[in-house]
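*Asks:* Encoded as structure tokens, here's the structure I'll be asking about.
The values are calculated or read from the model by the stated rules, or taken from the named source; none is laboratory data. For clarity, every value in this text was computed on a predicted model and none was experimentally measured. Here the Cβ is made from the backbone with ideal geometry for all residues, glycine too, and neighbour counts use every protein chain on show.
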Amino acid sequence: MDTSNRPLILLSDGIPPYVMGGMQKHSRLLSEFLAREGMRVILYHFVLPSSSLPSDNEVINSFGKEARGNIEIRTFLYPEEDSFPSHYLRAQQKVGRAYRTRLEVEDEEPCFIYAKGFMAYDIQSIKGLFPTVTYRCEVPWNEHVSETA
């Protein structure tokens, strides 16, 4: 299967300067590097409720010139959080649903979907939309744990 012209979709939990943190910085750098190397990247990211939605061009222009032609942007507004326990998980689930709804109407099948944080939780139930990728771990999960710990 030739994947050379199909995009990689990166489901992030935000990118700087719209959301600050280590995972967000990694998402931005990964997107920029891949796009600079010629891979088409569709970047899903959100902005916090205290911010206004930036235009796609505003986000694209925040990347380096070499990357701009290979990045497409999907921007979402992060849901308002309540103060009940597990509010973060509920908000992440809402973002995952929004990402899933948009993924279902993408124009073309991606060669790969890279999901960060809890973004993949809701899309894993999309049957038949994307090829199934299975990961098999050869080492038992607890083999690395010290007997003396």
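*Asks:* Within segment 117-133, is even one residue assigned to a loop (DSSP other than H, G, I, E, B), of a type outside the set (Val, Ile, Thr) and modelled with pLDDT of 80 or more? First the steps, then the outcome.
*Replies:* To start, the set of residues in segment 117-133 that are assigned to a loop (DSSP other than H, G, I, E, B) comprises 117-119, 124-133.
Still in the list and also of a type outside the set (Val, Ile, Thr): 117-119, 124-125, 127-131.
From what is left, the residues that are modelled with pLDDT of 80 or more are none.
Among the residues of segment 117-133, not one is assigned to a loop (DSSP other than H, G, I, E, B), of a type outside the set (Val, Ile, Thr) and modelled with pLDDT of 80 or more, which makes the answer no.
*Asks:* What number of residues in segment 40-85 are outside any loop (DSSP other than H, G, I, E, B), surrounded by fewer than 19 Cβ atoms within 10 Å (Cβ to Cβ) and in contact with a Phe, Trp or Tyr (Cβ under 6 Å, 6 or more places away or on another chain)?
*Replies:* Of all residues in segment 40-85, those outside any loop (DSSP other than H, G, I, E, B) come to 41-47, 56-60, 65-68, 71-77.
Keeping just the survivors that are surrounded by fewer than 19 Cβ atoms within 10 Å (Cβ to Cβ) gives 56-58, 60, 65-66, 68, 72, 75-77.
Filter once more, so that each one left must be in contact with a Phe, Trp or Tyr (Cβ under 6 Å, 6 or more places away or on another chain): 76.
Residues meeting the conditions: 1.
*Asks:* Only residues that are assigned to a loop (DSSP other than H, G, I, E, B) and of a type in the set (Gly, Ala, Ser): list them for segment 86-113, please.
*Replies:* Matches in segment 86-113: Ser86 only.
*Asks:* Next up: Would you call Lys94 more than 15 Å from the chain's Cα centre (by Cα), of a type in the set (D, E, K, R) and either closer than 19 Å to Phe118 by Cβ or modelled with pLDDT of 90 or more (or both)?
*Replies:* When the stated conditions are applied, Lys94 does not pass them.
*Asks:* Would you check if Asn5 is outside any loop (DSSP other than H, G, I, E, B) and surrounded by fewer than 14 Cβ atoms within 10 Å (Cβ to Cβ)?
*Replies:* So Asn5 fails the test.
*Asks:* Do the conditions hold for Gly21, that is, is it out of contact with any Gly (no Cβ under 7 Å at 6 or more places or on another chain), free of Cβ contacts under 8 Å to residues at least 24 places away in the same chain and not aliphatic (A, V, I, L, M)?
*Replies:* When the stated conditions are applied, Gly21 passes them.
*Asks:* Taking segment 11-34 on its own, how many of its residues are farther than 17 Å from Pro79 by Cα and touching a Leu at 6+ places or on another chain (Cβ under 9 Å)?
*Replies:* Counting residues in segment 11-34 that are farther than 17 Å from Pro79 by Cα and touching a Leu at 6+ places or on another chain (Cβ under 9 Å) gives 5.
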